[in-house]
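Reading through the structure tokens given below for one structure.
The values are calculated or read from the model by the stated rules, or taken from the named source; none is laboratory data. Quick caveat: nothing in here was measured; it's all calculated off a predicted structure. Methodologically, a virtual Cβ is constructed for each residue, glycine included, from the backbone with ideal geometry; neighbour enumeration extends over all protein chains shown. Calculation scope for accessible area: heavy atoms of the full protein, side chains included, ligands and nucleic acids excluded. Shrake-Rupley method; radii C 1.70, N 1.55, O 1.52, S 1.80 Å.
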Amino acid sequence: MLTISNLQASIGSKEILKGINLEVKAGEVHAIMGPNGSGKSTLASVLAGREDYDVTDGSVLFEGKDLLDLAPEERAAEGIFLAFQYPVEIPGVSTTNFLKTAMNEIRKYRGLEPLDAVQFLKLMKEKMKLVNIDQSLLSRSLNEGFSGGEKKRNEIFQMAMLEPKLAILDETDSGLDIDALRIVAEGVNQLRSPERSTIVVTHYQRLLDYIVPDYVHVLYKGRIVKSGPKELAFELEEKGYDWIKAEVETV
Amino acid sequence: MNNQPNNDLKSKLLADFRTSEERMNGASKSALHQIRREALNQFDRLGFPTVKHEEWKYTNVNSLIKEVFEFNASSDITVDDLAQLESSRLEGNVLYFVNGQYQPQLSKIVSPASQLTITTLAEAVKTTPDLLTQYFAKYADYQDNAFTALNTAFAQDGVVINVPANVAVEAPTILRFISDARQLNVASQPRNLFIVGEKAEIKIAESFRTLGDQASFTNVVTEIVVAEDAQVEYYKIQNESDMAYHIGTTQVHQKDRSHFYSATVTLDGGFIRNNLNIALDGSECEAHMYGLYFPNGRQHIDNHTLVDHRKPNSHSNELYKGILEDRSTGVFNGKIFVRQDAQKTNAYQSCKNVVLSNDATMNTKPQLEIFADDVKCSHGTTTGKLNEEALFYLRSRGIPKEEAQSLLMYAFAEDVIQKIKIDALREQIERRIQAKLAR
Ligand SMILES: Nc1ncnc2c1ncn2[C@@H]1O[C@H](COP(=O)(O)OP(=O)(O)O)[C@@H](O)[C@H]1O
Ligand SMILES: [Mg+2]
């Protein structure tokens with residue numbers, strides 16, 4: 001589904017990603033872990049199409065298409081979704097307000113008829129229940145005055161609505177209490193299917209108790225320095241990152 | 001040859017005045033005419049302002065005064081022509097003026113005479129001269145403002161509204177001023193006077209439109225007198241052509257505990273200067289001023305506001321917002337004056353702008369002059385680009401760039417749009433804004 005080869009990206013003169021290789025097959029869940037400042041959010045942003053970063057080398061294929069050639073909105077329409085680490089506040093724009101436009105634009109791209117107001121509301125009701133989010137929150141200005149947990153739940157709500165093929169969750173678990181964490185995991189697990197894949201960027205192993213990954217990768221200084229089965233996450237939890245850093249430095 | 005174009009329009013106007021005076025015979029001795037003559041002398045003395053004048057630094061009227069206009073030109077406008085303007089039918093008292101002339105066949109007054117009297121200025125001169133003697137030109141300053149002087153000297157028509165005490169007028173009143181510039185360059189100088197009695201309430205909108213591609217010039221003055229405990233909602237909506245020049249002054253005089261709400265929305269227009277001057281000549285008054293402007297192309301939109309706090313315990317609140325595209329220019333100048341007597345004044349001013357193009361310019365100037373010591377005053381202006389983070393967020397959800405941009409621009413404007421409390425008018429404005437932002 002997703003093939004990242006030797007991806008290099010920088011901002012200004014600062015190199016951040018220094019040759020990422022990653023293969024995500026349909027149905028798989030990949031966890032990406034690593035110390036702060038390793039480039040995890042940068043990778044997520046580059047995949048979603050943020051224009052601040054210059055891709056200096058490498059390629060990204062998504063279902064055979066050159067992803068780097070597509071505008072952010074085209075990537076979304078192709079089925080990529082990024083749950084932001086720091087979702088932006090947008091005064092005057094509510095979730096309901098832009099999500100209907102977003103869904104119908106994506107449907108248009110795929111040659112589908114737009115949803116009418118009734119269909120849209122029905123779908124919303126269903127997904128609201130799933131992530132336990134309140135209608136009133138969705139009618140307010142996006143993220144303005146939302147608590148950390150509300151912001152993250154809103155991201156997962158949007159993901160549930162848009163049903164992406166590839167969901168990228170950037171530290172969606174940070175700052176969540178255990179109940180919220182369970183709700184977020186529930187939302188992700190509901191979407192799991194042989195056709196859909198997920199990349200979970202996280203700091204903590206605890207999310208992976210709920211969203212069990214097929215693979216765990218460690219990103220450090222712009223490279224994937226270690227990959228392994230889900231047990232790698234336990235090891236990282238136990239021993240921290242220092243041993244990995246040491247391993248990298250000796251190479 | 002006269003190589004000072006400045007003098008062409010001026011000398012033509014001065015000559016016009018003399019000619020009309022000769023035709024008047026006896027009427028020229030009336031009190032009203034004395035005011036007009038005095039205003040003309042002031043205009044003669046002042047001349048058109050140049051950019052050397054502090055108040056006109058960013059708004060150069062040179063190209064305006066080089067044009068040749070036909071003042072108060074007749075128009076054979078029909079109801080079918082109006083359809084081109086695609087204005088929705090608004091319920092209420094609707095009065096049409098075309099090139100400054102009242103169009104009774106297009107107008108309707110639905111409010112009963114017990115609620116208010118609406119007359120044209122031309123009619124009021126004949127039927128209620130005492131009312132005019134009491135209020136006309138008593139508020140809008142023609143000593144220092146050349147355009148107000150010009151309007152005062154020449155205004156032939158407009159609307160006089162008188163709301164008696166204790167009446168809350170239900171129907172909104174909409175004044176539609178249309179420049180019919182299909183054949184030639186036209187000019188008009190409407191003059192309005194709204195007198196709102198104690199504890200009375202009214203909603204009034206002034207709308208300005210253009211038909212045709214020739215140049216037009218509207219020089220409008222509106223005086224609003226708000227008595228004790230009265231409440232006025234006032235909307236000025238401009239949707240004129242790129243060839244339209246508009247200079248306008250709205251002068252408001254508030255007495256104790258009165259409330260005044262205004263929104264000035266400029267959708268389109270070539271060259272616009274709006275002055276909104278509010279004298280808070282009473283205590284415990286409230287004045288709320290909102291503004292919205294969307295210049296593109298080479299449009300120029302200038303909003304000057306002045307709030308004069310003269311008495312204690314009043315509150316003024318101002319929010320102007322603009323979105324500038326292409327090579328357009330915008331000006332915001334907000335003056336707050338707090339006199340020594342105006343203790344416990346609470347004055348708030350804010351002007352926020354989004355500049356979408358490197359060739360567009362916004363000039364903002366807050367001016368606070370405070371002579372009382374116990375006041376709360378705050379002001380702030382911001383001018384920036386559209387929020388890139390927000391744009392990326394919306395695009396990452398599947399919304400194409402242009403659409404995401406117009407969504408954000410609309411959201412930016414939304415809080416001001418919501419201040420328009422005449423529903424049909426607001427909905428019409430919402431549609432026009434959406435259409436303009438989607439371009
Ligand atoms: N917009 C930016 N401008 C400058 N430096 C950036 C920017 N975004 C990220 N970086 C830098 O790139 C590195 C990786 O950041 P990030 O991808 O956010 O790491 P992580 O998500 O793994 O904590 C950090 O050193 C960070 O300071
Ligand atoms: Mg990060």
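Tabulated data
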| quantity | calculated |
| --- | --- |
| Those residues of segment A:147-166 which are open to solvent by less than 30 Å² (accessible area, probe 1.4 Å), within 14 Å of another protein chain (Cβ to nearest Cβ) and within 16 Å of ligand 2 (Cβ to nearest atom), in sequence order | A:Glu155 |
| Spans of strands (runs of 3 or more DSSP E) in segment A:1-78 with at least 3 residues in contact with a Phe, Trp or Tyr (Cβ under 7 Å, 6 or more places away or on another chain) and within 14 Å of another protein chain (Cβ to nearest Cβ) | none |
| Test: residue in segment A:44-55 that is away from ligand 1 (no atom under 16 Å from the Cβ) and among the hydroxyl-bearing types (Ser, Thr, Tyr) | no |
| Where a residue in segment A:129-146 is surrounded by fewer than 17 Cβ atoms within 10 Å (Cβ to Cβ) and its partner, wherever it lies, is of a type in the set (Val, Ile, Thr), with Cβ under 6 Å and at least six apart | A:Asn132/A:Ile183; A:Ser139/A:Thr96 |
| Sole residue being surrounded by fewer than 17 Cβ atoms within 10 Å (Cβ to Cβ), touching a residue at least 60 places away in the same chain (Cβ under 8 Å) and more than 16 Å from ligand 1 (Cβ to nearest atom), chosen from A:Gly27, A:Gly19, A:Gly64 | A:Gly27 |
| Checklist (1) over 24 Å from A:Asn6 (Cβ atoms); (2) more than 16 Å from ligand 1 (Cβ to nearest atom); (3) open to solvent by 50 Å² or more (accessible area, probe 1.4 Å); (4) not polar (S, T, N, Q) applied to A:Gly175, failing item | (2) |
| Any chance A:Ala71 is of a type in the set (A, V, I, L, M, F, W, C), in contact with a helix residue (DSSP H, G or I) (Cβ under 9 Å, 6 or more places away or on another chain), under 22 Å from A:Leu162 (Cβ atoms) and within 16 Å of ligand 1 (Cβ to nearest atom) | no |
| Total residues in segment A:83-113, condition away from ligand 2 (no atom under 16 Å from the Cβ) and open to solvent by less than 80 Å² (accessible area, probe 1.4 Å) | 19 |
| Filter pass, A:Ser139 being under 23 Å from B:Arg397 (Cα atoms), hydroxyl-bearing (Ser, Thr, Tyr) and more than 16 Å from ligand 2 (Cβ to nearest atom) | yes |
| Qualifying residue in segment B:264-271 (condition: touching a strand residue (DSSP E or B) at 6+ places or on another chain (Cβ under 8 Å), among the polar types (S, T, N, Q) and more than 21 Å from B:Lys236 (Cβ to Cβ)) | no |
| When residues of segment A:216-251 are limited to those that are hydroxyl-bearing (Ser, Thr, Tyr) and at pLDDT below 90, the one least open to solvent (accessible area, probe 1.4 Å) | A:Tyr241 |
| Top-ranked residue of segment A:82-109 - restricted to ones that are part of a strand (DSSP E or B) and among the small types (Gly, Ala, Ser), ranked as farthest from A:Ser147 (Cα to Cα) | A:Gly92 |
| Meets criteria (out of contact with any Pro (no Cβ under 9 Å at 6 or more places or on another chain), open to solvent by less than 20 Å² (accessible area, probe 1.4 Å) and of a type in the set (D, E, K, R)) for B:Arg176 | yes |
| Residue ID - surrounded by the fewest Cβ atoms within 10 Å (Cβ to Cβ), chosen from residues in segment A:184-215 that are over 15 Å from A:Glu237 (Cβ atoms) and of a type in the set (Asp, Glu) | A:Glu195 |
| Unique residue being part of a helix (DSSP H, G or I) and β-branched (Val, Ile, Thr) when the list is B:Thr148, B:Thr210, B:Thr218 | B:Thr148 |
| Subset tally (residues that are crowded, with 24+ Cβ neighbours inside 10 Å, of a type in the set (Ser, Thr, Tyr) and under 18 Å from the mean Cα position of the chain (by Cα)) for segment B:276-319 | 2 |
